[in-house]
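Since the structure comes first, as structure tokens, the remarks are kept for the end.
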């Protein structure tokens, strides 16, 4: 497994922890993960923390983008793993132009395949494809076909 995949999986775990216990802040969650995951390489931890902080900073925008594209699903009804994988990927798609869009989507699908259920990959892929299409429109000003 590559360093970035490892970092993304760690980031999803941190986001899940934050989502599960909203009374604990980002700093506390990052500190706890640093203590518990001491053997993780510095670059992996740095990238994971950067992603988590980015998702948390843009969470309202990200959640709105996911909600707008999820037909008949409120965020509260979505499986927590699926939602946090989508939050991470949506952050990359919407705010990280240095990461190729296809890489982001493929990584999200692989991560949700590992941690989600059998229906998760298709669900996550459908929403992320729509977010990617909208991100292209916003960047270029025209629709990509």
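FYI, it's all coordinate maths here, none of it is from the lab. For clarity, every value in this text was computed on a predicted model and none was experimentally measured. Using ideal geometry, Cβ is built from the backbone for each residue, glycine included, and neighbour counts are taken over all protein chains shown.
Compute the angle between helix 120-140 and the longest alpha-carbon principal axis of the chain, please, reported from 0 to 90 degrees and rounded to the nearest 10.
Around 70 degrees separate the two axes.
Would you calculate a helix-derived [θ] at 222 nm for the chain, using -39,500 (n - 2.57) for each DSSP H run of n ≥ 4 and dividing by the full residue count, to the nearest 500?
Theoretical 222 nm ellipticity from helices: -24500 deg cm²/dmol.
Expressed as a rounded percentage, what relative contact order does segment 3-140 have, with Cα pairs under 8 Å and six or more residues apart?
24 percent
If each residue's Cβ is checked for other Cβ atoms within 10 Å, how do 15, 10, 3 rank with the fewest at the top?
The most exposed by this proxy come first: 3, 10, 15.
In degrees, nearest 10, range 0 to 90: what is the angle between the Cα axis of helix 101-115 and the longest Cα principal axis of the chain?
The helix 101-115 is inclined about 60 degrees to the chain.
If I model a spin label at residue 76 and residue 122 as a point 7 Å from the Cα along the Cα→Cβ vector, what separation in nanometres do I get?
Simple spin-label model gives 2.8 nm for this pair.
Once both axes come from the Cα atoms, what is the angle between helix 59-69 and the longest principal axis of the chain, in degrees from 0 to 90, rounded to 10?
Rounded to the nearest ten degrees, it is 40.
In what sequence do 87, 59, 77 fall when counting other Cβ within 10 Å, fewest first?
In order of increasing Cβ crowding within 10 Å: 77, 59, 87.
Can you tell me which of 88-98, 61-71 comes out highest on packing, and rank the rest after it, using the mean Cβ neighbours within 10 Å?
For the peptides 88-98, 61-71, the packing ranking is 88-98, 61-71.
Using only Cα atoms, locate the centre of segment 1-15 and the centre of segment 38-87, then give the distance between them in Å, rounded to an integer.
12 Å
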